[in-house]
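Read-outs: derived from the displayed coordinates by stated rules, not from any lab. This is a predicted model, so every value here is computed, not measured. All Cβ positions, glycine included, derive from the backbone under ideal geometry; neighbour counts span all protein chains shown.
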Amino acid sequence: MKKTFKVLSSGALAFGMIFSTTAISANLTGNEAEAATEPWYKYTGNTGHDGSFILDQTFLNAVTYSNVTINGYRIYGSYDDFMNHQNTTMMNVYDQNIMKFANGKAVGVKFPVKKGAVSKQQLFDVYGKTKNVAPSDGVSSAVYFYNVADQRIKVSMTDGYVTQYQLGGDIMIHN
């Protein structure tokens, strides 16, 4: 009798383990697929000590989907988001300037990048080569504009290195 009970309870335990593992596996697969379709990037703290994360493909993918969060503010960097909201305010969070509206929605961010952390060639390798629109000779300073999906980006350089990155806010009112 004891043997029969042990065999039955072992069989029931094995049966339960097989089906519960299958249910968990199916659930995990669904989450992975969702994560792959909606990339996101979260940054906390100062950017001026480095800033090379702007070259990270995960960051760039998150920009494409408006899923970049800087110090708790999700940045909606499209021209349409900017134009659909007026009465913006600027606020400083760590070393970033964040443009937001009364409802708290952030439509732009400007932050420093440590000189030497991102070269012109590294920027071009990730974002593509584009025309320098700086009102100078282009040797000591340069400004490049990019559109990534509907997100607008402005990159400022000095002596061949990125020094400032701006996302949205109609490029932070063209400053």
For PHE124 and THR69 in one chain, what is 0.36 nm times their gap in residues minus the Cα-Cα distance, to one decimal in nm?
-> 17.4 nm
Using a Förster distance of 22 angstrom, determine the FRET efficiency expected from the C-beta separation of ASP150 and HIS49, and round it to 0.05.
-> 0.15
State which entries of LYS42/LYS131; LYS42/LYS115; LYS42/LYS110; LYS100/LYS129 exceed 25 angstrom in Cα-Cα distance in the structure shown.
-> LYS42/LYS131; LYS100/LYS129
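What do the square roots of 5 times the Cα gyration tensor eigenvalues come to for segment 41-174, in whole Å, largest first, as semi-axes of the equivalent ellipsoid? Don't jump to the answer; show the numbers that get you there.
Values: eigenvalues 105, 49, 40 Å².
Three semi-axes, in Å: 23, 16, 14.
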DSSP-assigned coil residues among chymotrypsin sites (Phe, Trp or Tyr not before Pro) in segment 82-127, each with at most 10 further Cβ atoms within 10 Å = none
